[in-house]
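S.K.: Can you keep this structure in mind? I'll have questions shortly.
Only the coordinates and a few stated rules stand behind these numbers; no lab work does. The structure displayed is predicted, hence computed values, not measured ones. Every residue, glycine among them, receives a Cβ derived from its backbone with ideal geometry; neighbour counts consider all protein chains shown.
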Amino acid sequence: MEKEYFVHETAVIDEGCRIGKGTRIWHFSHIMTGAEVGEKCNIGQNVVVSPGVILGNNVKVQNNVSIYTGVICADDVFLGPSMVFTNVINPRSAIVRKENYYQTKVGRGASIGANATIVCGNNIGEFAFIGAGAVVTKDVKPYALVVGNPARQTGWMSEYGHRLSFGADGLASCPESGQVYVLREGTVSRKD
């Protein structure tokens, strides 16, 4: 049976992983046993997807990203070049802590910028935007824009990736899509 996904000849795909239709896996990447990669994903060069990792549909993983056991990404997530996930809070070479992996969930449509670090056990809300080089040490709210080390929230982002400016009425609109968002009690949601 012919594969329904593309794998570059230098990539390694272990037995026992699942890869969705239309996914592309590029140079020197490794998908390990027990990993799940959804449909229409793009796995860039030199990427490792560890056992137990779940990537939803249409996830874009840029070059040089290691996605360690415990990470779950929903649909439409963007992982920028050389960004980092951790999965143990206190690693030591001489002490095995495989039973202490923390889970990190990345919500639908979230973007994580180049060279950002996500410390394990901290969840990223849907459509959140993590700036390049940020170090995330706590949960990030949906639609939040966070930057810096440690990462601090500096605003809100639309689903199209534009900064939102809320008026006194608590409303903002995306300049590209025209979608309207509501800010109430420190939480943003899209107005239907």
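S.K.: Can you tell me, using C-alpha contacts under 8 Å and at least 6 residues apart, the relative contact order of the chain as a whole percent?
M.R.: Here the relative contact order equals 10 percent.
S.K.: Considering only DSSP beta bridges whose two residues both sit in the chain, what percent are antiparallel, to the nearest 5?
M.R.: 25 percent
S.K.: Leaving out same-chain residues fewer than 8 places away, which lysines sit with a Cα under 21 Å from that of residue 21?
M.R.: Correct list for residue 21: 3, 40, 60.
S.K.: Note the full-extension length gain between residue 40 and residue 4 as 0.36 nm times their separation in residues minus their Cα-Cα distance, in nm to one decimal.
M.R.: Here the segment from residue 40 to residue 4 would lengthen by 11.9 nm.
S.K.: I'd like to compare 2-12, 113-123: which one has the highest average count of other Cβ atoms within 10 Å, and what's the full order after that?
M.R.: So the order, starting with the most tightly packed, is 113-123, 2-12.
S.K.: Another one. Pull out the extension gain between residue 99 and residue 12, defined as 0.36 nm times the separation in residues minus the alpha carbon to alpha carbon distance; nm, one decimal.
M.R.: So the chain would gain 28.7 nm between residue 99 and residue 12.
S.K.: Right, something else. Starting from 0 in steps of 10 Å, tell me what percent of the Cα-Cα pairs of region 1-160 lands in each bin.
M.R.: 12, 42, 33, 12, 1, 0
S.K.: Right, something else. In terms of Cα to Cα distance under 18 Å, which lysines are near enough to residue 141, apart from those fewer than 8 places away along the same chain?
M.R.: Excluding near neighbours in sequence, the set is 105, 191.
S.K.: Region 64-147: which trypsin sites (Lys or Arg not before Pro) are DSSP loop and have at most 14 other beta-carbon atoms within 10 angstrom?
M.R.: 97, 138
S.K.: Please find the FRET efficiency linking residue 28 to residue 154, where r is the Cβ-Cβ separation and R0 is fixed at 41 Å, and quote it to the nearest 0.05.
M.R.: Efficiency computed from Cβ-Cβ geometry: 0.70.
S.K.: Can you compute the charge dipole magnitude of region 20-149 about its Cα centre, using +1 on each Lys and Arg Cβ and -1 on each Asp and Glu Cβ, nothing else charged? Give it in debye, rounded to the nearest 20.
M.R.: Once rounded to the nearest 20, the dipole reads 140 debye.
S.K.: If you count the DSSP beta bridges with both ends in region 101-192, what percent of them are antiparallel, to the nearest 5?
M.R.: Looking only at bridges with both residues in region 101-192, the antiparallel portion is about 60 percent.
S.K.: If amide H atoms are built 1.01 Å from N in the plane of the peptide, which residues on other chains or at least 5 residues away come under 5 Å of the amide H of residue 57?
M.R.: Hits under the 5 Å cutoff: 39, 75, 76.
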